[in-house]
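Worksheet: one structure, shown below.
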Amino acid sequence: MPCVVVNHHRRRPRAAAGVARAADRALAALGRPGGEVEVLLVDDAEIRRLNETWRGVQRRTDVLAFPMETPGDGALVGQIVISIDTAARQARRVGVPLAVELELLVTHGVLHLVGYDDRDPVEARLMHERERAVLGSRAPAALWRGLLG
């Protein structure tokens with residue numbers, strides 16, 4: 001199976017339902033159906049530690065993506081880390097189920113793995129447009145409220 005989900009979040013053990021399917025859908029939509037992705041679900045404290053260790057940013061975030069080099073056929077391989085705590089807050093803020101927010105974050109992470117970057121406002125807009133295209137009708141416009149200028 002192209003996606004493996006590891007849930008380290010004790011308070012929301014069922015949050016992982018659908019995450020693997022979302023990653024598989026995103027990989028297929030991006031032309032990488034043979035990709036292998038691990039999605040790690042953590043709490044805010046863990047994602048803050050990872051963000052500081054790997055990016056030098058001393059705050060929590062919603063999603064981190066770590067592309068990995070692979071020899072051979074060039075299949076996409078990587079790890080996505082999602083804070084369930086942050087995802088739940090964001091879902092409440094925009095009024096969507098946690099599962100919908102998680103699908104967006106998985107898609108966002110897969111886009112990072114294939115090279116999208118949202119640090120620049122123009123690139124962020126392109127990334128959010130691609131997210132909308134990948135998610136289609138499964139994701140309401142409210143998911144991007146406050147993200148686009």
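Can I get the semi-axes of region 35-136's equivalent ellipsoid? Compute them from the C-alpha gyration tensor as square roots of 5 times the eigenvalues, in angstrom, largest first.
Ellipsoid semi-axes (Å, largest first): 21, 18, 14.
Given a Förster distance of 22 angstrom, what is the FRET efficiency for Ala133 paired with Arg89, based on the Cβ-Cβ distance and rounded to 0.05?
It comes to 0.30.
Tell me, what is the percent relative contact order of region 3-144, built from C-alpha pairs under 8 Å that lie six or more residues apart?
24 percent
Asp117 to Ala141: extension gain in nm, 0.36 nm per residue of separation minus the Cα-Cα distance?
6.6 nm
Which of the trypsin sites (Lys or Arg not before Pro) found in region 79-142 are loop residues per DSSP with 15 or fewer other Cβ atoms within 10 Å of their Cβ?
Those satisfying the criteria are Arg119.
Between Val39 and residues 5 or more places away or on another chain, which pairs have amide H atoms under 5 Å apart, with H built 1.01 Å from N, and which residues are they?
Val4, Val5, Val6, Ile80
Only the coordinates and a few stated rules stand behind these numbers; no lab work does. If you're wondering where the values come from, they're calculated on a predicted model, not measured in any experiment. Cβ atoms come from the backbone with ideal geometry, glycine included; neighbour counts cover every protein chain shown.
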